Amino acid sequence: MNKFTVFFCTGLLAFTLLFTGCTGSSLSKADEAKSRMQYKIAGDLYTILGPKVKGPNAKEDQARAREEAAYCYRMANEYEKAIKAYEKVVKKDPKNTEALYQLGLLNMKVAGGKNADAKREARDYFKKYLEEVPNDERAIAKIAALDSAENWEKEAPNSRFKVSNLKVVNTKGMEYSPMIAGKKDDVLYFSTDREGGVAKKKIYGLTGNSYSDMWFIKAKKGSKRNAAKTWEKPEIALGTINTKYNDGSCVFDRKYSTVYYTQCNGSDGKSTSCKLFQAKLSGTEWAEEQMLGFCVDDTFDYGHPALSEDGKTMYFSSNRDGGEGGYDIWCVTYNQRAKSWGVPFNLGPTINTDKDEMFPYVSVHNGALYFSSNGHLGMGGLDVFTVEGSGTEWT
């Protein structure tokens, strides 16, 4: 399990884990859930069991439970719960530097471009952190980002883009990585951990939701290409590309007959990493799936493929050796003679940081590369950035 699968138990499972044996004072069940990366469940267990701990080390164990609950909620992307948990830590330990810094980060994520109170909270926590750790470059950079965000927001009314909710797709689960899959822009694939996937009622402990699958929507007949489309109900993609584990973040060749996608945990669930696969369209189903040769090593994660317009260059995110740290954007070219992809190379420090760069996308209009990063100056969490160039030379 890893960061790639986050963007991936039932109430019965959670209920069972939370309340079976919860009358004791031990944190062992919470620790076990955390060790399995079942962060959402672990966060609830630490929250419930922590105050009940007794014995000679009760004070220390209760403090650990508060900190572990905050960490687990943060790892599960339960931002509001994580904020409340870290606030409990700070209430008992006002100079806890980890809690102060994380409260700054979490409030930035909640704030986005609109929540003024959360931005103010973020700034205050970073300042309190700097009182304990003077001149820390990370916190100074975050305060600079908050300042920059105010200027970006002033420019927002002049944007020529309008964002609206694609209600036919969105659920209480996660929907992410949309990708056009038709020559007339009339098919849209996306990844989602909604109910009704291949895994049925099987739950992914990291999020408490189902495992992710690839789904798609089609434009209703008669919809104009350049007008707002009316979409049919979502359908799950058929064939071998969806397994009982985490599948998603796909891209298509120009003929929309080959799909490249991310598959995590292996088809049997035993793998601990994510890999890139390809599959061919056969009728209405995807078949002949195979792993791309350069990511066979199970040591590293590979995901989020993107293609240049000619289909000969692939960009992807990976934590393989030779990067700047965390997940980086990498590139690989297709060898037509050998009928295989070559050796990947890192796009370099202009794009990549010591944090995470993910979800690359190449514009078919101007060739610009878009990607998400939490390492560059942004508004909090993963933000979208764009660069132009090629190889390792980028603006």
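So the values come out like this:
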quantity: Point-charge dipole on Cβ atoms (K/R +1, D/E -1) for region 113-266, about Cα centre, debye to 20; calculated: 1060 debye
quantity: Computed over region 39-139: relative contact order in percent, which uses C-alpha pairs under 8 Å that are six or more apart; calculated: 19 percent
quantity: Prolate/oblate/rounded call for region 97-228, Cα gyration tensor, a/c under 1.5 rounded; calculated: oblate
quantity: Label-point gap, in nm, between Ser26 and Lys167 - each point 7 angstrom along Cα→Cβ; calculated: 5.1 nm
quantity: FRET efficiency for Glu132 and Ser271, using Cβ-Cβ distance with R0 set to 45 Å, rounded to 0.05; calculated: 0.65
quantity: Contact order relative to length of region 281-395, as percent, for alpha carbon pairs under 8 angstrom and 6 or more apart; calculated: 19 percent
quantity: Surface share of carbon and sulfur [accessible, 1.4 angstrom probe, percent] for region 135-232; calculated: 50 percent
quantity: Computed [θ] at 222 nm, helices only, for the chain once each DSSP H run of length n ≥ 4 contributes -39500 (n - 2.57); calculated: -9000 deg cm²/dmol
quantity: Cα→Cβ-extended label distance, 7 Å offset, between Phe385 and Asp354, nm; calculated: 1.5 nm
quantity: Identified option (computed Rg and Dmax of the Cα atoms in Å; candidates [x] 26.2, 93; [y] 22.4, 73; [z] 30.9, 100); calculated: [y]
quantity: Point-charge dipole on Cβ atoms (K/R +1, D/E -1) for region 253-362, about Cα centre, debye to 20; calculated: 440 debye
quantity: Per-pair calculated FRET efficiency, R0 = 35 Å: Asp124 and Glu155 via Cβ, rounded to 0.05; calculated: 0.85
quantity: Accessible area in square angstrom per residue, the chain, 1.4 angstrom probe; calculated: 53 Å²
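The values are calculated or read from the model by the stated rules, or taken from the named source; none is laboratory data. Quick caveat, the model's predicted, so the values are computed rather than measured. Methodologically, a virtual Cβ is constructed for each residue, glycine included, from the backbone with ideal geometry; neighbour enumeration extends over all protein chains shown. Keep in mind that these areas ignore ligands, DNA and RNA; they rest on the heavy atoms of the full protein, side chains included. Shrake-Rupley method; radii C 1.70, N 1.55, O 1.52, S 1.80 Å.
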